[in-house]
Amino acid sequence: MKPKLITLLISVMLFLTSLVAGIAAHSAGLVKIKDLTIYSNELFYSSFPSVVRRPNGELLVAFRRAPDRRIYGDGVLTHTDADSQLVLVRSRDSGETWTQTPSLIFAHPFGGSQDPCMVQLRDGSILCTSYGWAPVGKEFAGKLKDVVNLNGFVFMGGYLLRSTDGGNSWQQPIIPPALPFANVLNHLGQIAPVANRGAMCEGRDGRLFWAVANGDVHNPDKTSVYLMTSTNRGLNWNYSCPIATHEKIAFNETSLFETPKGELVAFLRTENFNDHTCVARSTDGGKSFAPWQDAGFQGHPHYALRLPDQRVLLIYGYRHPPFGVRARILDAECKDLDAKEIIIRADGGNGDVGYPWATMLSKKRLLVVYYLNQANGPRYIAGTILGLE
């Protein structure tokens with residue numbers, strides 16, 4: 001088949017999938033207004049975004065950026081890279097245009113950082129959680145005991161950053177404690193601080209709730225999720241209780257949401273469970289969680305956004321054909337998990353897509369951000385503007 005014809009067919013397919021996604025969104029009470037490219041550079045692997053909207057309307061999108069190693073001819077993309085940094089771009093016109101040169105949030109001196117997850121607190125400050133991998137080399141990493149070794153990268157554990165000036169500058173990292181029963185050592189031979197990818201939430205009583213993942217050093221892939229809390233805006237953290245554990249199923253990347261009744265809802269990514277979404281709920285302010293439940297659909301990881309009418313937009317990556325981003329509109333207490341599924345994007349090139357985050361733009365418009373690729377091309381930060389009917 002001629003190259004021009006192949007290009008035409010791909011364009012037609014992308015148009016049709018976009019059209020189908022728009023129809024699906026419309027039928028569920030949303031109108032798909034348009035898709036956006038927020039940041040794209042073929043030299044970089046850009047992924048794992050989060051977004052906040054400042055009180056003045058300015059949008060900040062943070063993401064992890066690393067060299068696209070395929071430019072060196074090895075043809076391999078991985079989530080561990082010595083040069084991965086946390087960066088952000090801005091929009092002052094509700095997402096229509098974005099700064100072209102990302103500003104640096106943080107470059108870890110010992111290795112690559114992952115998944116900048118921002119939360120904007122009521123006082124206007126921004127917390128950003130991350131974690132990292134130290135490139136110690138395969139031979140040396142193999143000699144270290146009680147570490148998580150991923151192809152010569154050793155897990156460093158998590159940290160938090162704070163900005164009090166709208167993301168223009170960031171204070172020195174806050175190193176959280178380890179879980180009391182953790183046994184994984186980091187690159188410095190210390191028990192690794194807690195970490196996770198997902199949205200923490202600020203409760204109505206001012207406490208911060210953070211779901212963190214933990215694996216046993218003898219079975220690092222078998223992770224469970226636990227709750228950490230802070231009473232001083234993230235400066236100090238205390239262990240509270242388990243959120244979800246199982247002898248065979250692994251739980252990891254988890255976002256938290258507080259309902260109008262004050263219940264904490266954890267939306268959990270799973271492994272060894274056919275990628276099913278799971279949900280756990282606390283009705284006692286984070287002292288304990290009821291047994292987790294299978295939500296009955298595939299998706300990972302998740303973000304929950306409160307809509308102006310108190311309903312909740314739950315968005316999640318969809319890493320099965322057709323690859324992309326999907327959503328459901330739940331009731332205010334997040335109990336109707338069988339709500340109609342909405343297709344936001346279905347034109348991803350493979351399963352290396354998703355990780356959505358969202359914010360309201362106005363009472364009638366919202367922005368969903370995520371990363372995407374077409375035909376296994378450069379990974380880039382994309383977005384979709386949706387309207388509420």
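The values are calculated or read from the model by the stated rules, or taken from the named source; none is laboratory data. Please read these numbers as outputs of a predicted model, since none were measured by experiment. Quick reminder, even Gly has a Cβ in these numbers, built from the backbone with ideal geometry, and neighbours come from all protein chains shown.
Some notes on this structure:
- Selection count where residues are of a type in the set (D, E, K, R) and crowded, with 16+ Cβ neighbours inside 10 Å, scope segment 71-86: 1
- Flag if Gly124 is among the small types (Gly, Ala, Ser) and either without any contact (Cβ under 8 Å) to a residue 12 or more places away in the chain or assigned to a loop (DSSP other than H, G, I, E, B) (or both): yes
- From the options Ala25, Ala21, Ala62, residue that is aliphatic (A, V, I, L, M), modelled with pLDDT of 95 or more and either surrounded by 18 or more Cβ atoms within 10 Å (Cβ to Cβ) or not in a strand (DSSP E or B) (or both): Ala62
- Pick from segment 345-360, criterion crowded, with 18+ Cβ neighbours inside 10 Å and out of contact with any Gly (no Cβ under 7 Å at 6 or more places or on another chain), ranking: farthest from Leu30 (Cα to Cα): Asp352
- Residue, nearest to Arg122 (Cα to Cα), within segment 40-86, restricted to residues that are among the aromatic types (Phe, Trp, Tyr) and in contact (Cβ under 8 Å) with a residue 24 or more places away in the chain: Phe63
- Lone unmet requirement of (1) hydrophobic (A, V, I, L, M, F, W, C); (2) assigned to a loop (DSSP other than H, G, I, E, B); (3) within 29 Å of Arg204 (Cα to Cα) for Val76: (3)
- Among residues that are touching a residue at least 60 places away in the same chain (Cβ under 8 Å) and either in a strand (DSSP E or B) or not polar (S, T, N, Q) (or both), Gly351 is not included.
- Qualifying residues in segment 120-165 (those that are out of contact with any Ser or Thr (no Cβ under 8 Å at 6 or more places or on another chain) and β-branched (Val, Ile, Thr)) - the one farthest from Gly234 (Cα to Cα): Val136
- Within segment 131-155, the set of residues being touching a Leu at 6+ places or on another chain (Cβ under 8 Å) and either in a loop (DSSP other than H, G, I, E, B) or without any contact (Cβ under 8 Å) to a residue 60 or more places away in the chain (or both) comprises Trp133, Val136, Leu144, Lys145, Asp146, Val154.
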